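The values are calculated or read from the model by the stated rules, or taken from the named source; none is laboratory data. Treat the numbers as computed from the prediction; the structure is a model and nothing was measured. Using ideal geometry, Cβ is built from the backbone for each residue, glycine included, and neighbour counts are taken over all protein chains shown.
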Amino acid sequence: MGEDVNGKKLILFLLDGVRWDYLDPDYVNLPGLKGIMERGVHVESLIPEFPSVSYPNHYSLMTGLHAQDHGFVDNDMYDVETGKTYPPDSGSEDDKSFWFNEAEPFWITAKKQGKSVFMYNWVGGDVKIQNERPNHFRPYSTVKKIKYFRHDIDDGLQALLNGLYHEGIDDLGHRYGPKSPEVTEWLKNVDLEFSRLTQKLEDFGATDDVNIMIFSDHGMTDVSLSRVINVTSVLPMENIKHVINGYGSRISIWPKDGFEDEIYRLLKNYDRHMRVFLKEDIPVEWYYTNNSRIAPLLLVADIGWYIDTPDFGFYHYDTGIMKGEHGYDPKLKEMHGIFIATGPNFAVNYRSASIRNIDLYQIMCLITGVEALDNNGTWSNVGMFVSGSGLNSASFLVILLIVFIANIL
């Protein structure tokens with residue numbers, strides 16, 4: 001279990017693409033996760049930021065900020081001032097750092113405050129942010145096998161502060177749809193690893209010394225070829241500077257100068273299953289206006305609908321057409337994720353209504369003795385989750401084990 005240190009440990013799991021109701025015992029029996037839920041805190045669902053996709057919500061979880069405030073506004077991005085795109089065309093250090101530097105994530109703050117940080121396969125974990133990197137890192141790679149997940153958990157238990165990535169559930173949700181047999185089977189396999197981890201902590205007599213937080217970034221819903229909105233014929237591409245198709249759930253459009261109003265009028269009433277927003281009219285509850293990386297025009301499909309654009313089409317995998325998607329309005333329950341936690345610094349058998357994912361950042365900081373930066377979270381939403389003494393002690397040992405189970409789009 002590593003060296004004996006005077007303090008509590010925090011193991012933090014981020015499971016990408018795990019929808020809130022995947023933990024419903026009427027859906028599938030997950031004894032490992034069920035045991036953690038029964039011993040600690042369980043919220044009804046975890047509400048993502050808009051758009052309800054991976055990268056913006058990964059950064060919201062680790063900064064406590066809305067996407068407009070941390071600058072990672074989508075999985076794919078365009079910076080109109082520089083012409084840069086994300087993922088970056090080059091592998092240069094400056095190009096990578098450019099996209100992350102509008103905010104400082106938890107792992108960088110922890111490093112600056114003297115914590116030893118190890119990031120495995122975390123998107124951005126190998127990037128120099130605010131002129132800092134983790135003490136150790138392994139760049140992101142697409143590894144899905146459970147045996148690697150198990151290895152990284154074991155390896156992480158030896159580290160002081162560790163973050164790692166593993167993908168699976170989100171990928172299968174996209175390929176086969178939410179609650180498909182493939183998703184169900186993978187959930188069972190992952191759950192076995194949580195049972196194994198719990199047993200290992202008991203064998204080491206470490207249960208009372210370790211805090212565990214498990215959360216996901218977003219949910220998933222069914223999509224099909226019968227619910228497609230094709231805007232190809234109406235989009236005047238000659239008057240458009242740049243388009244990003246967010247895999248059907250939302251489209252970002254940068255018109256050429258002088259054509260914004262014309263394109264808006266063409267699209268506004270094009271289809272009743274698609275909402276069209278000028279940037280200044282995006283719903284205030286999405287907190288998705290005040291950043292130059294957000295496009296002047298935003299198209300958002302109704303839940304389960306897919307917007308097609310020129311040269312994109314309906315997304316295909318090697319297994320066939322995409323059957324699951326996210327990125328829709330975050331208030332929709334299908335887009336919600338999970339949060340459960342247990343350990344000496346968490347309440348026992350505590351159930352809560354849904355909360356926003358930006359609220360969790362403050363818990364991580366409090367438990368680990370890291371001084372939190374300014375954030376958009378609300379402590380009163382989560383303060384009752386925490387119990388125990390010594391939470392502000394700088395002597396706390398932290399193991400940060402961040403596990404993504406997903407294929408990030």
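For region 253-280, the tally of residues that are assigned to a loop (DSSP other than H, G, I, E, B) and surrounded by 13 or more Cβ atoms within 10 Å (Cβ to Cβ) stands at 5.
Here is a yes/no grid of residues against (1) out of contact with any helix residue (DSSP H, G or I) (no Cβ under 8 Å at 6 or more places or on another chain); (2) free of Cβ contacts under 8 Å to residues at least 24 places away in the same chain; (3) closer than 26 Å to Val183 by Cβ; (4) assigned by TED's automatic domain parsing to the domain that holds Val284:
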site: Leu23; (1), (2), (3), (4): no, no, yes, no
site: Leu33; (1), (2), (3), (4): no, no, yes, no
site: Pro48; (1), (2), (3), (4): no, no, yes, no
site: His58; (1), (2), (3), (4): yes, no, yes, no
site: Gly71; (1), (2), (3), (4): no, no, no, no
site: Val80; (1), (2), (3), (4): yes, no, no, no
site: Gly83; (1), (2), (3), (4): yes, yes, no, no
site: Ser97; (1), (2), (3), (4): yes, no, no, no
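So that you can scan it fast, the table gives a plain yes or no per residue for (1) surrounded by fewer than 22 Cβ atoms within 10 Å (Cβ to Cβ); (2) of a type in the set (D, E, K, R); (3) more than 24 Å from Thr184 (Cα to Cα); (4) over 21 Å from the mean Cα position of the chain (by Cα):
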| residue | (1), (2), (3), (4) |
| --- | --- |
| Phe13 | no, no, no, no |
| Lys34 | yes, yes, no, yes |
| Glu44 | yes, yes, no, no |
| Pro48 | no, no, no, no |
| Leu65 | no, no, yes, no |
| His70 | no, no, yes, no |
| Asp79 | yes, yes, yes, yes |
| Tyr86 | yes, no, yes, no |
| Ser90 | yes, no, yes, yes |
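Quick check: anything in region 339-359 crowded, with 19+ Cβ neighbours inside 10 Å, closer than 23 Å to Phe100 by Cα, touching a Ser or Thr at 6+ places or on another chain (Cβ under 9 Å) and among the polar types (S, T, N, Q)? Yes, region 339-359 contains at least one residue that is crowded, with 19+ Cβ neighbours inside 10 Å, closer than 23 Å to Phe100 by Cα, touching a Ser or Thr at 6+ places or on another chain (Cβ under 9 Å) and among the polar types (S, T, N, Q). Selection of region 284-314 for residues being at pLDDT below 95 and in contact with a helix residue (DSSP H, G or I) (Cβ under 8 Å, 6 or more places away or on another chain) yields only Pro310.
Report yes if some residue within region 384-403 is assigned to a loop (DSSP other than H, G, I, E, B), crowded, with 19+ Cβ neighbours inside 10 Å and either among the charged types (D, E, K, R) or modelled with pLDDT of 90 or more (or both); otherwise report no. Within region 384-403 (the criterion being assigned to a loop (DSSP other than H, G, I, E, B), crowded, with 19+ Cβ neighbours inside 10 Å and either among the charged types (D, E, K, R) or modelled with pLDDT of 90 or more (or both)), the answer is no, since none of the residues qualifies.
Taking residues in region 188-213 that are within 18 Å of His42 (Cα to Cα), and partners anywhere that are of a type in the set (Phe, Trp, Tyr) and surrounded by 20 or more Cβ atoms within 10 Å (Cβ to Cβ), the pairs with Cβ atoms closer than 8 Å and at least 6 places apart or on different chains are Asn211/Phe346; Ile212/Phe13; Met213/Phe13; Met213/Phe339.
Out of Lys331, Lys241, one residue alone is outside any loop (DSSP other than H, G, I, E, B) and either touching a Gly at 6+ places or on another chain (Cβ under 6 Å) or basic (Lys, Arg) (or both). It is Lys241.
Every condition in (1) under 15 Å from Asp74 (Cβ atoms); (2) touching a Lys or Arg at 6+ places or on another chain (Cβ under 7 Å) holds for Asn345 except the one numbered (1). If we scan region 282-289, do we find a residue that is touching a Gly at 6+ places or on another chain (Cβ under 7 Å) and not polar (S, T, N, Q)? Looking for residues that are touching a Gly at 6+ places or on another chain (Cβ under 7 Å) and not polar (S, T, N, Q), one finds none in region 282-289, hence no.
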